[in-house]
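Visitor: Mind looking over this structure? Questions follow.
We did not get these values from a lab; they are worked out from the coordinates using the rules stated. Note that the structure is a prediction, hence the values are computed from the model and not measured. Please note: Cβ atoms are built from the backbone with ideal geometry, for glycine as well, and neighbour counts cover all protein chains shown.
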Amino acid sequence: MRGFVTDKRIEGDETDSYVLEIDNLVIYVKKSIYSKYQVGDGIEIHLLRNYYNLLLFESKIESMDLK
């Protein structure tokens, strides 16, 4: 899937969960991936949808930036 990061946030009280929204899809990611992207960045992701949208691959797409 290719799209744009439309929102990003940190959820949780005791332990932080890092969230990227890509178009209308919500994905929980590691802190290192969360820090790599800003709202408006182009991204390509591969997910295992049957397993809670497990992120298998991500890559920043420079030519898709909305900035």
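Visitor: Loop-only check: which GluC sites (Glu not before Pro) in the chain are DSSP coil with at most 15 other Cβ within 10 angstrom?
Guide: Glu14
Visitor: Give the residue list of chymotrypsin sites (Phe, Trp or Tyr not before Pro) in the chain that are DSSP loop and have at most 14 other beta-carbon atoms within 10 angstrom.
Guide: Passing both the DSSP loop test and the Cβ count: Tyr52.
Visitor: Also: Just checking my list [x] 97; [y] 84; [z] 169 against volume of the Cα convex hull per residue in Å³ computed from this structure; which label fits?
Guide: The value matching this structure is [y].
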